[in-house]
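The values are calculated or read from the model by the stated rules, or taken from the named source; none is laboratory data. No experiment lies behind these values; they were computed from the predicted model shown. Here the Cβ positions follow ideal geometry from the backbone for every residue, glycine too, while neighbour counts run over all protein chains shown. These area figures cover heavy atoms from the full protein model, side chains too; ligands, DNA and RNA do not enter into them. Shrake-Rupley method; radii C 1.70, N 1.55, O 1.52, S 1.80 Å.
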Amino acid sequence: MNPQKIYILGIESSCDDTSAAILSNGKVLSNVVASQKIHELYGGVVPELASRAHQQNIVPVIDQAIKQAGIEKKDLSAIAFTQGPGLMGSLLVGTSFAKSLALALDIPLIDVNHMQAHILAHFIDEDEFEKPEFPFLAMTISGGHTQIVKVNDHFDMEVIGETIDDAVGEAFDKSAKILGFPYPGGPLIDKYARLGNPKAFPFPKPKVSDLDFSFSGLKTAVLYFIQKMVKENPNFIEENRDDICASLQYTIINILIDKLKKASKQTGIKRIAIGGGVSANSGIRKALKEREQKYGWKTFVPKFEYTTDNAAMIGIVGYLKFLKGDFTNMSVVAKARAKF
């Protein structure tokens, strides 16, 4: 193995995507993701089915990642895996496999916090993407999390605001379910919102103190609104689909931007980075770019494939930890509720 080349195998299995990536000195050589379609039948992720699917997918996905990268197992410098947070059964599959392979190859094992990885995905070595300078504010928005994080260094992060109930991705998906859309409905709301009037239906913005979020009230407001309007006109959803989606997305984006604006003012930090599955939303990306001139922000939006759960983001954290010599041992366990 070339001594200058550090090859990291990243493994991500926190929810319903099995992913493996190979990074060479911070550059992605492969990033393979196997999604689980079975959950569409149930309108949401079923934990037991997710862990079984991970067991089926993990070997072929890792094998494919290594082959695509053009290396062999013996070339690997270390294995990085998602320790948490996530679904316990899913995490156990990735953790167990990572430990076994590291032991068999006699190479270091690196535990990774899934939420840190969403933020540090910005440090993947991509020519066309600029890395944020420290300190910066990161907003991580996904199906399970909504947080504003003050990032002082790669591993010096402080959560300064988070949801007190539902995550933003949950608000999108559950509202989509109310509208009769198939799971996952968030991307469909984004799609239809582009065609509608964002001010057609004013939805309430929850009043939550300081930098925290709340989305359960908005979700309930959407439910009551739709029930009322459908009672008056059974075809209301079909006739107003685009406007409903545009109005809902507009409300959610304003909630997020308002909190970011407040966080920037409180901290004096004008570098803003987003991450997590919901950061793939085109409306959020557009709104963030529009605010650059208005508030003097410098915004950082990750490459599309590094927004949803993927192993490249696990691999970059692994690489940064490898440089520090920050390894774990075989007694490491998966943590469903891992904190920073």
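Residues that are in contact with a strand residue (DSSP E or B) (Cβ under 8 Å, 6 or more places away or on another chain) and open to solvent by 50 Å² or more (accessible area, probe 1.4 Å) were ranked within the range 301-321; the one that is modelled with the highest pLDDT is E305.
This table checks each residue for (1) over 30 Å from I22 (Cβ atoms); (2) not hydroxyl-bearing (S, T, Y).
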position: C245; (1), (2): yes, yes
position: N254; (1), (2): yes, yes
position: I257; (1), (2): yes, yes
position: T267; (1), (2): yes, no
position: A287; (1), (2): yes, yes
position: F300; (1), (2): no, yes
position: F304; (1), (2): no, yes
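Once the range 282-300 is narrowed to residues that are under 13 Å from K261 (Cα atoms) and of a type in the set (F, W, Y), the residue that is surrounded by the fewest Cβ atoms within 10 Å (Cβ to Cβ) is Y295.
Taking the criterion of being closer than 28 Å to E12 by Cβ, in contact with a Leu (Cβ under 6 Å, 6 or more places away or on another chain) and of a type in the set (A, V, I, L, M, F, W, C), the residues of the range 235-284 that qualify are A263, I272.
Yes or no, residue by residue, for (1) open to solvent by 20 Å² or more (accessible area, probe 1.4 Å); (2) among the charged types (D, E, K, R); (3) touching a residue at least 12 places away in the same chain (Cβ under 8 Å):
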| position | (1), (2), (3) |
| --- | --- |
| S90 | no, no, yes |
| F97 | yes, no, yes |
| D106 | yes, yes, no |
| E130 | yes, yes, yes |
| F134 | yes, no, yes |
| L137 | no, no, yes |
| H145 | yes, no, yes |
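Scanning the range 214-228 for residues that are open to solvent by 40 Å² or more (accessible area, probe 1.4 Å) and farther than 24 Å from G144 by Cβ yields Y224, F225, Q227, K228. Remark: pairs (first residue in the range 223-246, over 22 Å from R194 (Cβ atoms); second residue open to solvent by 40 Å² or more (accessible area, probe 1.4 Å) and of a type outside the set (D, E); Cβ separation under 7 Å; 6+ apart in sequence or on different chains) = L223/I178. Every test in (1) within 16 Å of N254 (Cβ to Cβ); (2) at pLDDT 95 or above is passed by G217 save one, and that test is (2).
When I244, I272, I237 are screened for being under 19 Å from H118 (Cβ atoms) and either in contact with a Ser or Thr (Cβ under 7 Å, 6 or more places away or on another chain) or in a helix (DSSP H, G or I) (or both), only I272 passes.
For every residue, the table says whether it meets (1) more than 22 Å from L109 (Cβ to Cβ); (2) at pLDDT 85 or above; (3) open to solvent by 10 Å² or more (accessible area, probe 1.4 Å); (4) part of a strand (DSSP E or B).
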| residue | (1), (2), (3), (4) |
| --- | --- |
| K5 | no, yes, yes, no |
| L9 | no, yes, no, yes |
| A21 | no, yes, no, yes |
| S30 | no, yes, no, yes |
| G44 | yes, no, yes, no |
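Of all residues in the range 295-340, those satisfying the criterion of being among the aliphatic types (A, V, I, L, M) and part of a loop (DSSP other than H, G, I, E, B) are V301, M330, V332, V333, A334, A336, A338. Taking the criterion of being in contact with a His (Cβ under 9 Å, 6 or more places away or on another chain) and either in a helix (DSSP H, G or I) or among the hydrophobic types (A, V, I, L, M, F, W, C) (or both), the residues of the range 154-200 that qualify are A167, V168, G169. Of the residues making up the range 175-211, just one is closer than 17 Å to V230 by Cβ and open to solvent by 80 Å² or more (accessible area, probe 1.4 Å), namely K177.
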